[in-house]
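Asks: I'd like to ask some things about the structure below.
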Amino acid sequence: MPRFSLPRRLRAPLLALAALAIQAPVLAQAPADAGPAMAVAAVGPHSHYVEGLTQLGSPKNQNFISNAGFVITPEGVVVVDALGSPRLAERLVQAIRRLTDKPITHVIVTHYHADHIYGLQHFQQLGAKIVAHSASREYIQSDTARLRLEASRTDLAPWIDGNTRIVPADVWIDGPTALKVGGVVFELTPVGPSHTPEDLTVYVPSEKLLFAGDLFFNGRLPFVGQANSKQWILSLERLLAFDAKAVVPGHGAVSTEPKKDIGTTRDYLKHLRQTMGEAVENFVPFDEAYEQADWSAFEAMPMFGPANRMNAYNTYLLLEQETLQKK
Ligand SMILES: [Zn+2]
């Protein structure tokens, strides 16, 4: 206990200052571009992934807020998603190089959201072929994509800068496609429009491993946003049909109990549609419907607080539209 007593509101800032003074020399020694740790975890006999932070992108985290994975085949390495900045891609390649010196032959893109694709140019420089669904082209050419990149050059500097580009695919696919590298089969399945029009899942039967992109956020409630939840539920049913032992989501930890974990996301979306759908049918206003609905099965899940009411509201609006279209 201190011998003199400071007002409580002053104590915490002073302690924080003292802690800073002690840490300052250590911080000064760390390289300027250290960024957050990037741990490689095994998800199959020849497969690994890195898990992004549950944060918004920032200069401090180098935009490391999404996952990427890779499979080492006898002839080369196939990467799934490219992370959120060229620097992160470079760090992922360094991590791959600690496990194998085989060339990186392909990068498969699950969807063209910034946090999954700003690293593509680094892989392309190394000679990897970029593979994506052709529905991405509309986004790549859009003002939304251009403005987002411009904003990121400020918000995520120096990791995103004037040299950062949105790299189109070298190989566009339209329907289910099997890619074979070193005898290992990668089954690419279009599952959009769910999270985006170009959603692609990647299943590797020999590893019993599924990369699900952003269709599935493990261990937390999703942000539904303007997504078409009807199509999304159907897509989750398709994910459940793969005989996967492990599923790497776009964000969050790998799932080794996919039936349970994907089932939870599907059940949540179904519950939103059922409760809000009944309210729309019966002309119950949103606030009242939200109060009346039973959320107990999902209340304890992370992100319930920030996400649930907005998800319910967006679903209510979506079901109003769907009902109008039926009439
Ligand atoms: Zn994402």
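Asks: Let me check against my output: what whole-number percent is the relative contact order of region 8-259, with C-alpha pairs under 8 Å and at least 6 apart?
Replies: RCO, region 8-259: 16 percent.
Asks: On alpha-carbon atoms, Rg over Rh for region 177-293 using Kirkwood Rh?
Replies: Rg/Rh: 1.06.
Asks: Right, another one. Tell me the label-point distance for the pair Leu234, Trp295, using the 7 Å Cα-to-Cβ offset, in nm and rounded to one decimal.
Replies: About 2.9 nm separates the two model spin labels.
Asks: At 222 nm, what value in deg cm²/dmol follows for the chain if DSSP H runs of at least 4 each add -39500 (n - 2.57) and the sum is divided by all its residues, to the nearest 500?
Replies: Computed mean residue ellipticity for the chain: -12500 deg cm²/dmol.
Asks: Still on this structure, please answer the following. Once a ≥ b ≥ c are taken as the square roots of the eigenvalues of the Cα gyration tensor of region 255-327, is the result rounded (a/c under 1.5), prolate (a/b larger than b/c) or oblate (a/b not larger than b/c)?
Replies: prolate
Asks: Could you estimate the translational diffusion coefficient of the chain from the Stokes-Einstein equation, with Rh from the Kirkwood formula over C-alpha pairs, at 37 °C and 0.692 mPa s, in whole µm²/s?
Replies: Result for D is 152 µm²/s.
Asks: Here's something else I'd like to know. Nothing charged except the Cβ atoms of Lys and Arg (+1) and of Asp and Glu (-1): what's the magnitude of the dipole of the chain about its Cα centre? Round to the nearest 20 debye.
Replies: In total the dipole reaches around 1020 debye.
Asks: Enumerate the calculated ³J(HN,Hα) couplings along region 300-315 in order (Karplus 6.51 cos²θ - 1.76 cosθ + 1.60, θ = phi - 60°), each rounded to whole Hz, writing x wherever the residue is Gly or Pro.
Replies: 7, 7, x, 6, 4, x, x, 9, 5, 5, 5, 4, 5, 5, 4, 5
Asks: Compute the distribution of all C-alpha to C-alpha distances in region 214-254, in bins of 10 Å from 0, and list the percent of pairs in each, rounded to whole numbers.
Replies: Going from the shortest bin to the longest, the percentages are 27, 57, 16, 0.
Asks: Ignoring everything but the protein chains, give the 1.4 Å probe accessible area of His122 in square angstrom, nearest 10.
Replies: Number for this one is 30 Å².
Asks: Below 8 Å between Cα atoms, with a sequence gap of 6+, how large is the relative contact order for region 95-192 in percent?
Replies: The value is 26 percent.
Asks: Provide the convex hull volume over Cα atoms per residue for region 30-95, in Å³.
Replies: Expressed per residue, the convex hull around the Cα atoms of region 30-95 is 86 Å³.
Asks: Below 14 angstrom from the Cβ of Lys208, what's the summed charge of the other residues (Lys, Arg +1; Asp, Glu -1)?
Replies: -2
Asks: In square nanometres, what is the average projected area of the Cα convex hull of region 83-159?
Replies: If you wrap the Cα atoms of region 83-159 in a convex hull and average its projections, you get 5.3 nm².
Asks: Follow-up. Report the accessible area of Met301, computed with a 1.4 Å probe over the heavy atoms of all protein chains in place, in Å² rounded to the nearest 10.
Replies: 40
The values are calculated or read from the model by the stated rules, or taken from the named source; none is laboratory data. What you see is a predicted model; the values in this text were computed from it and never measured. For neighbour counting, all protein chains shown are included, and Cβ atoms are generated from backbone atoms with ideal geometry for every residue, glycine included. For accessibility, only protein heavy atoms count, side chains too; no ligands or nucleic acids. Shrake-Rupley method; radii C 1.70, N 1.55, O 1.52, S 1.80 Å.
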